[in-house]
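What follows is a single structure, written as structure tokens, with notes after it.
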Amino acid sequence: QVNLLESGGGLVQDGGSLRLSCEFSARGFRLNNMAWYRQASGKQRELVASITLDGSLVYSNAVKGRFTITRDNADNTVTLQMDSLKPEDTAVYYCNANGIWPPSTLETHYWGRGTQVTVSS
């Protein structure tokens, strides 16, 4: 059974901070990358930040310097600290986890249900 549980999100004023967390569990699954994506109303889903198993980071230009992604490999959690939030950060944020089911080498992605982040001006 695969579980991907997101928490955090909510309403915050321009310049405020929020913290998103995501816990992944799947017995036998070899987890690799974890990431956060977001989808604003009427727009396509986009990558916000990702972190590999060994800690390599990728940030979108829109959030670089304001958001921080971290990961705890012991309990398969990923956290997104969002500071200096702007109204344009308003979106549904989705946790993503990918890896493989050995002995298969086919990469499999799992998505959370999403959590709403709203930044008021």
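Quick notes
- Matching residues in the range 64-121 - criterion: being among the small types (Gly, Ala, Ser), surrounded by 15 or more Cβ atoms within 10 Å (Cβ to Cβ) and out of contact with any His (no Cβ under 8 Å at 6 or more places or on another chain): ALA91, GLY99, GLY112, GLY114
- Boolean, ASN32 is at pLDDT 95 or above and either closer than 27 Å to SER121 by Cα or assigned to a strand (DSSP E or B) (or both): yes
- Note on the range 85-121: residues that are of a type in the set (S, T, N, Q), touching a Gly at 6+ places or on another chain (Cβ under 6 Å) and closer than 19 Å to GLY15 by Cα amount to 1.
- Enumeration of residues in the range 85-110 that are part of a strand (DSSP E or B) and more than 19 Å from ARG45 (Cβ to Cβ): GLY99, ILE100
- Of all residues making up the range 17-63, the number that are free of Cβ contacts under 8 Å to residues at least 60 places away in the same chain, hydroxyl-bearing (Ser, Thr, Tyr), farther than 19 Å from ARG113 by Cβ and loosely packed, with under 15 Cβ neighbours inside 10 Å: 2
- If you go through the range 80-104 and keep only what is farther than 15 Å from PHE67 by Cα, polar (S, T, N, Q) and in contact (Cβ under 8 Å) with a residue 24 or more places away in the chain, you end up with ASN96, ASN98.
- Members of the range 1-16 found to be open to solvent by 60 Å² or more (accessible area, probe 1.4 Å) and in a loop (DSSP other than H, G, I, E, B), listed by number: GLN1, ASP14
- GLN44 satisfies every condition listed in (1) within 18 Å of TRP111 (Cβ to Cβ); (2) within 13 Å of the chain's Cα centre (by Cα) except (2).
The values are calculated or read from the model by the stated rules, or taken from the named source; none is laboratory data. Just so you know, these numbers come straight off a predicted model, no measurement behind them. Neighbour counts are summed over all protein chains in view; Cβ atoms, including those assigned to glycine, are modelled from backbone coordinates with ideal geometry. With ligands, DNA and RNA removed, areas are computed over all heavy atoms of the protein, side chains included. Shrake-Rupley method; radii C 1.70, N 1.55, O 1.52, S 1.80 Å.
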